[in-house]
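Working notes, beginning with the structure itself.
No value in this document is a laboratory result; all are computed from the given coordinates. Just so it is clear, the model here is predicted, and its values are computed rather than measured. FYI the Cβ positions are ideal-geometry reconstructions off the backbone, even for glycines, and counts take in every protein chain you see.
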Amino acid sequence: MGKTNHCTYRTKQFMPDFAAWKNGQFGWKGIEEGHPFVAMWRSEAINDWIQSDVELKETWEQIVKTYPLLTSDVVPLMDEHDWLTEIGWDQNRPPLSLRFV
């Protein structure tokens, strides 16, 4: 009898982090948030990935150019829903998904 290899895929969904933005940073939060360290690590990993991948970085720069509130240092009086709308995060589309293998 041969060996069977099983791969487990795990998909997580992410969206821009309003609390980080209010503190002058850019981050990502999971739809199902876990431990704060994991949330911080994940956000840093995604941001590093954006900086290290040329095509992804160019795409991200275009998104920021189109939606400058994503990286704005100005914290206007708005709530998370208003902010997500202003940055173009369509509530009808699924959040960012990453599949971990």
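Given a Förster distance of 25 angstrom, what is the FRET efficiency for residue 66 paired with residue 20, based on the Cβ-Cβ distance and rounded to 0.05? Before the final figure, lay out each step's value.
Numbers: r = 20 Å, r/R0 = 0.80.
According to the calculation, E is roughly 0.80.
Counting only other residues whose beta carbon sits under 9 Å from that of residue 18, what net charge do I get with K and R as +1, D and E as -1?
Once positives and negatives cancel, what remains is -1.
Which of 38, 64 comes first, and how do the rest follow, when ranked by fewest Cβ neighbours within 10 Å? Could the numbers behind the result be given before it?
On the way: 38 11, 64 15.
Neighbour counts put them in this order, fewest first: 38, 64.
Between residue 80 and residue 47, take the C-beta separation as r, use R0 = 22 Å, and let me know the FRET efficiency to the nearest 0.05.
0.65
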